[in-house]
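Engineer: The structure under discussion is supplied below as structure tokens; questions concerning it will follow.
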Amino acid sequence: MKNLFIYLVLLVISVPWYWMFIPDASSTMILGVPSWVVVSVTGSACVSVHTALILRRPWPGEEGEAR
Amino acid sequence: MIGQMAPLNTMEIGFVGFYLGVLLLIGLAGWRSRKANTLQDFYLGGNSTGLWVLLLTLYATQYSGNTLFGFTGKTYRVGFSWSVSIQFMTAIVVVYLTFAPRLFALSRQHCFITPADYLQHRFKTPALSLTASLVMILAIGNFLLAQMMAMGKAVEGLFEADPWWAYFSGVVFLAAIIVIYETLGGFRAVAWTDAIQGSILMLGFGALIMLIFQRFGAIDKATALLAKSAPSTLQAPDAAGVREWISYLLIVGIGGALYPQAVQRIYCARNARTLRLSLMIMVFLPLITTSVSLVAGIMGRAYLPGLSLEQTDSLLTIMCREVQQQSLLGRWVVVVLFAAILAAIMSTADSILLSISSMLTKDVYAPWIRQDASEADLMKVGKICAWLFITAGAAGAILLRGTTLVTLLDRKLDLLIQLSPAFILGLWWNRLQGNAVLAGLLVGITISLTLAFMGYGKLYGIHAGIYGLTGNLGVAVVWSFLATPRERDVNQTGVD
């Protein structure tokens with residue numbers, strides 16, 4: 001459940017639904033691209049990191065596998 | 001024609017020819033490395049694929065001609081909103097988490113070869129297994145068509161010949177190479193060539209971003225230009241755009257994880273640890289690779305404005321021509337990039353072809369046409385199917401020259417996502433019944449295709465496949481709740 005909650009939070013941040021309420025969002029630039037793109041891609045990077053952390057844990061039955 | 005690169009010279013064509021020759025040699029090596037004349041060995045390489053080959057074959061299979069041509073063209077048309085592509089490619093790996101661990105364990109216990117082997121084991125409903133296989137064949141057959149069209153487009157600008165003739169030759173020649181190495185080496189040839197193609201693809205993405213920045217300068221100049229010439233390309237999505245964004249996350253995230261060739265890569269891993277580590281690395285690749293297509297599309301829109309809809313899918317070749325004219329180094333970077341483009345397309349096409357051949361043989365021919373066929377007979381049938389299917393694909397690609405690539409992508413995923421109740425819910429919920437899943441699948445397909453053929457590929461920004469999946473899930477869940485659980489449905493979800 002904790003992982004699902006983290007994914008939901010990251011989804012809310014990454015999907016740029018709230019930028020339509022922020023005036024001049026498309027004209028504010030960070031690193032040469034619109035700020036909403038930077039936030040969205042950073043959110044996506046956080047999803048990747050969180051998924052990698054989940055994948056660090058062995059899967060059921062993996063301990064018994066021959067390496 | 002604006003989409004043409006400057007024609008390659010003899011040495012450059014020789015380099016590309018050498019690369020294609022290596023693919024054929026790998027097919028031969030795969031044939032010599034076969035351990036047994038069985039379907040398991042031919043279609044899954046004996047379930048012994050190691051970490052790096054598995055990672056590169058997953059990567060090369062997921063990143064196709066669409067990633068390079070379709071995504072770049074789409075970014076050109078819609079602007080930064082297509083950064084959704086980075087998210088939906090990441091979502092594919094997240095969706096794997098919901099079913100890959102259990103499916104892998106089951107595949108080891110019961111020696112699955114095709115995705116329908118799992119369905120037959122779980123639901124014991126032959127009509128469902130057959131329908132699911134046919135849906136997958138139809139969906140990825142569509143995708144194979146897209147790859148073959150991309151082959152033609154890639155070669156189209158390479159020679160000074162008539163564009164139609166170059167397109168025709170590209171489709172036929174490259175299709176022949178794929179089917180030859182695949183017939184020789186089966187999954188081993190496909191996975192090994194994918195490993196080489198995946199490496200070249202990564203090199204190509206690196207070369208592409210380097211040459212784009214060298215030719216056009218930093219991205220801030222491009223966005224400054226776009227702020228004046230096409231401000232809509234910089235804008236965050238509006239309400240309709242957000243709906244479409246979420247729809248893309250669902251349809252590509254779920255549908256992309258359910259490609260049959262991707263499911264078979266879950267089966268073929270040497271062990272669970274190998275698969276887990278491959279996915280762990282894979283989840284970072286969209287940030288590196290898909291973003292390159294995004295940057296290419298933005299640069300193209302800023303510096304090469306005014307392209308027609310059809311020309312936008314050839315944006316990469318147009319940019320290549322720009323770079324080729326700069327210097328000798330530029331010419332060679334483009335040669336590497338051209339090899340990467342071919343790699344992306346061919347690696348996806350070969351995986352699809354092998355998957356289709358396995359499903360036609362194992363899920364259609366063996367249970368429904370000739371139950372007493374030996375493994376040797378089935379292998380022969382599989383190879384014949386591959387040749388017939390690629391011939392049909394080549395003919396289709398030649399006839400459909402000019403259709404845009406992302407349109408084809410949408411229809412395929414509308415179908416594949418309908419399989420998610422069977423593959424994902426089926427692994428977690430004992431009570432889900434085969435007949436209910438079959439009814440849901442048929443309802444989902446009917447809704448999706450009806451909407452699509454009525455011209456509503458997206459309705460209020462939501463893909464037709466999502467409406468279909470809603471109906472599909474509703475039928476499958478309600479039916480399963482109302483029906484009396486059967487003895488055989490108990491404890492079918494997980495590993496014993």
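Engineer: Let me know the Rg and Dmax you get for region B:75-222 when you use only its Cα atoms, in Å.
Structural biologist: Cα-based Rg and Dmax for region B:75-222 come out at 20.5, 60 Å.
Engineer: For region B:124-200, report the convex hull volume of the alpha-carbon atoms normalised per residue, in Å³, without decimals.
Structural biologist: On the way: hull volume 9.3 nm³, N = 77.
Once divided by residue count, the hull of region B:124-200 is 121 Å³.
Engineer: Kindly put A:CYS46, B:CYS268 in sequence by how many other C-beta atoms sit within 10 Å of each C-beta, fewest to most.
Structural biologist: Details: A:CYS46 16, B:CYS268 25.
In order of increasing Cβ crowding within 10 Å: A:CYS46, B:CYS268.
Engineer: I need the phi-derived Karplus couplings for region B:431-438: 6.51 cos²θ - 1.76 cosθ + 1.60, θ = phi - 60°, integer Hz, Gly and Pro marked x.
Structural biologist: Values per residue, Gly and Pro as x: 6, 4, 9, x, 5, 5, 5, 5 Hz.
Engineer: I've got another one for you. State, as an integer percentage, the relative contact order of chain A based on alpha-carbon contacts under 8 Å between residues 6 or more apart.
Structural biologist: Numbers: 31 pairs, mean separation 20.7, N = 67.
Taking the mean separation of contacting Cα pairs over the length of chain A, I get 31 percent.
Engineer: For region B:248-390, what percent of Cα pairs sit more than 26 Å apart? Don't jump to the answer; show the numbers that get you there.
Structural biologist: Numbers: 4965 of 10153 pairs.
I get 49 percent for the Cα pairs in region B:248-390 exceeding 26 Å.
Engineer: Can you list residues from other chains, or at least 5 along the same chain, whose modelled amide H is less than 5 Å from the amide H of B:ILE462?
Structural biologist: none
Engineer: Size of the dipole of chain B about the Cα centre, Lys and Arg at +1 and Asp and Glu at -1 on the beta carbon, nothing else charged, in debye to 20? Don't skip to the end; give the middle numbers.
Structural biologist: Values: 33 positive and 24 negative charges, 140 e Å.
Dipole about the Cα centre, nearest 20: 680 debye.
Engineer: How large is Rg/Rh for region B:75-120, to two decimals, with Cα atoms and a Kirkwood Rh? Intermediate values should be presented prior to the final figure.
Structural biologist: Working: Rg = 16.6 Å, Rh = 13.0 Å.
Dividing the radius of gyration by the Kirkwood radius yields 1.27.
Engineer: Quick one, can you get me the convex hull of the C-alpha atoms of region B:16-407 expressed as volume per residue in Å³? It would help to have the intermediate numbers written out before the result.
Structural biologist: On the way: hull volume 52.0 nm³, N = 392.
Looking at region B:16-407, the number lands at 133 Å³ per residue.
Engineer: Shifting gears a bit: Regarding region B:151-267, what whole-number volume in Å³ per residue does the convex hull of its Cα atoms give?
Structural biologist: Values: hull volume 22.1 nm³, N = 117.
Spread over its residues, the Cα hull of region B:151-267 gives 189 Å³ apiece.
Engineer: Cα centroid distance between region A:1-50 and region B:198-275, in Å?
Structural biologist: 15
Engineer: Further question on the same structure: Taking θ = phi - 60°, what integer Hz values does the Karplus form 6.51 cos²θ - 1.76 cosθ + 1.60 yield along region B:126-132, in sequence order, with x for Gly and Pro?
Structural biologist: x, 5, 5, 4, 5, 4, 4
Engineer: With 10 Å bins from zero, work out the P(r) of chain A over every alpha carbon pair and list the percent per bin.
Structural biologist: Result returned by the calculation: 18, 35, 23, 14, 7, 2.
Engineer: Shifting gears a bit: Label-point separation (nm) for B:ASP372 and A:THR28, each offset 7 Å from Cα along Cα-to-Cβ?
Structural biologist: It is 7.6 nm.
Engineer: Checking the table B:LYS124/B:LYS412; A:LYS2/B:LYS458; B:LYS153/B:LYS458 against a 30 Å threshold on Cα-Cα, which pairs fail?
Structural biologist: On the way: B:LYS124/B:LYS412 26 Å; A:LYS2/B:LYS458 33 Å; B:LYS153/B:LYS458 27 Å.
Checking Cα-Cα distances, A:LYS2/B:LYS458 exceed 30 Å.
Engineer: Something else: Could you work out the pair-distance distribution P(r) of region B:132-177 from its alpha-carbon pairs, with 10 angstrom bin width and percents rounded to whole numbers?
Structural biologist: 30, 40, 21, 8, 1
Engineer: Return the inverse of the average 1/r over all pairs of distinct C-alpha atoms in region B:311-397, which is the Kirkwood hydrodynamic radius, in Å to one decimal.
Structural biologist: On the way: mean 1/r = 0.0631 Å⁻¹.
Radius from the Kirkwood sum: 15.8 Å.
Engineer: Here's a follow-up. Which lysines have a Cα lying under 24 Å from the Cα of B:LYS380, excluding residues fewer than 8 positions away in the same chain?
Structural biologist: Straight-distance partners of B:LYS380: B:LYS35, B:LYS362.
Engineer: Along the Cα→Cβ direction, 7 angstrom out, place labels at B:TRP52 and B:ALA36. What is the inter-label distance in nm?
Structural biologist: Label-label distance for B:TRP52 and B:ALA36, simple model: 2.9 nm.
Engineer: How big is Rg to Rh over region B:429-485, alpha-carbon atoms, Rh as the Kirkwood inverse-mean-distance radius?
Structural biologist: Details: Rg = 12.7 Å, Rh = 11.6 Å.
That ratio equals 1.10.
Engineer: Would you work out the Kirkwood radius for the protein assembly as shown? I mean one over the mean of 1/r across all pairs of different Cα atoms, in Å.
Structural biologist: In the protein assembly as shown this quantity evaluates to 24.0 Å.
Engineer: Let me see the P(r) profile for region B:27-151: every Cα-Cα distance counted, bins of 10 Å, each bin given as a percent of all pairs.
Structural biologist: P(r) over region B:27-151, rounded to whole percents: 10, 28, 38, 20, 5, 0.
A short reminder: the numbers here are calculations on the coordinates, not readings from a lab. Computed from a predicted structure; not experimentally measured. When we count neighbours, we look across all protein chains shown, and the Cβ atoms used for this are built from the backbone with ideal geometry, even at glycine.
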